[in-house]
Amino acid sequence: MKRHLKTYPAPRFWPVMIKEHEFTIRPASGPHPIASCMPLGIILRDVLRYAKTVSEAKRMLIEDKVLIDGVVRHDYKFPVGLMDVIGLKSADTYYRVLPDKTNKLCLLKITPEEAAFKLVQLTGKRLLKDKKMQLNTHDGRSFAIKVDDPFNVDVGYKIFDALKISLPDGEVTEHIPLESEAFVSIIGGSNIGKYGTLKETPAKRGANDLAKVTIGERENTVTLKYLFPIGKGSPIISINGEVA
């Protein structure tokens, strides 16, 4: 794996100046791919502006001042992505990473109470031994749940559904299915950053199948893989407020 990343091929939504620096921070291997994340050092220096240089960002991390999903992180290359919760101990300030129509990802300021949980989306599931089902999520987590009949598995969890998990222990507290009347966040495509109500899902749940979503007063057709359920009828996370 390459250790360096030039500024020009870096994702365009990163707030880095192409003509000012030849190299930028390359994200470490982690829960999010490079195309859909930002390194923690760039967030501290260029987005939140709590640090003027990478060295100052590293100092903040060494002093245990930064939390990601309730866990202290020390690596300035740590990849931060969709729905992650960023906590700054010294300022008692918290942010949630949400999709944005302009910059692909944005940081929305949230309360300490809301920072106690996050939403994750199911990206895969498979059968394990001892009558267990493994659920995989978009941020690299996995959960093992008990099933009664391994040959007729109907656990109620489907691909593209969402789970509400507590932080930092990662316990599942709520299941949010991607079904009719679910409140969804659009995380990709031409409608990225918008929110709406799911009206109809396709019979097959293929990633590229189309679903009908009401955005404002208009009904739109959105690819299924771009829908992230964030509530049953109404959002359980803040979607409006101060954006960093």
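The values are calculated or read from the model by the stated rules, or taken from the named source; none is laboratory data. Everything quoted here is computed from the prediction, not taken from an experiment. Methodologically, a virtual Cβ is constructed for each residue, glycine included, from the backbone with ideal geometry; neighbour enumeration extends over all protein chains shown. Protein only, heavy atoms only, side chains kept; ligands, DNA and RNA dropped before computing areas. Shrake-Rupley method; radii C 1.70, N 1.55, O 1.52, S 1.80 Å.
Quick notes on this structure:
- Structural descriptor for the chain: relative contact order 13 percent, calculated from alpha carbon pairs under 8 angstrom and at least 6 residues apart.
- Cross-link pairs exceeding 29 Å in C-alpha to C-alpha distance, out of LYS129/LYS158; LYS125/LYS212; LYS58/LYS225; LYS77/LYS118, comprise LYS58/LYS225.
- When both the stretch 171-197 and the stretch 95-137 are represented by their alpha-carbon centers, they are found 11 Å apart.
- Inter-site label distance for ASN208 and ASP64 at 7 Å from Cα along Cβ, in nm: 5.0
- Over the stretch 52-100, accessible surface divided per residue gives 43 Å², non-protein components excluded, 1.4 Å probe.
- Taken over the chain, the convex hull of the Cα atoms encloses 145 Å³ per residue.
- GluC sites (Glu not before Pro) within the stretch 163-244: DSSP coil, no more than 16 neighbouring Cβ in 10 Å: GLU171, GLU179, GLU181, GLU217, GLU242
- Neighbours of GLN134 by Cβ distance under 10 Å: Lys/Arg scored +1, Asp/Glu scored -1, total +3.
- Size descriptors for the stretch 1-60 (Cα atoms only): Rg and Dmax, in that order, 11.2, 30 Å.
- Among the chymotrypsin sites (Phe, Trp or Tyr not before Pro) found in the stretch 151-244, those both in a DSSP coil and sparsely packed, with 13 or fewer other Cβ atoms within 10 Å of their Cβ, are PHE151.
- Among the trypsin sites (Lys or Arg not before Pro) within the stretch 99-204, those in coil by DSSP and having at most 11 neighbouring Cβ atoms inside 10 Å are LYS129, LYS204.
- Counted by Cβ distance under 11 Å from ARG3, the other residues give a net charge of +3, where Lys and Arg count +1 and Asp and Glu count -1.
- Rounded percent of accessible protein surface that carbon and sulfur make up, the chain, 1.4 Å probe: 48
- Label-to-label distance, nm, for residues given as ALA35 and GLU217 (7 Å Cα→Cβ offset): 3.7
- For the stretch 154-212, the Rg and Dmax computed from alpha carbons only, in angstrom: 13.0, 36
- The stretch 51-164, relative contact order in percent, only Cα pairs under 8 angstrom and at least six apart counted: 16
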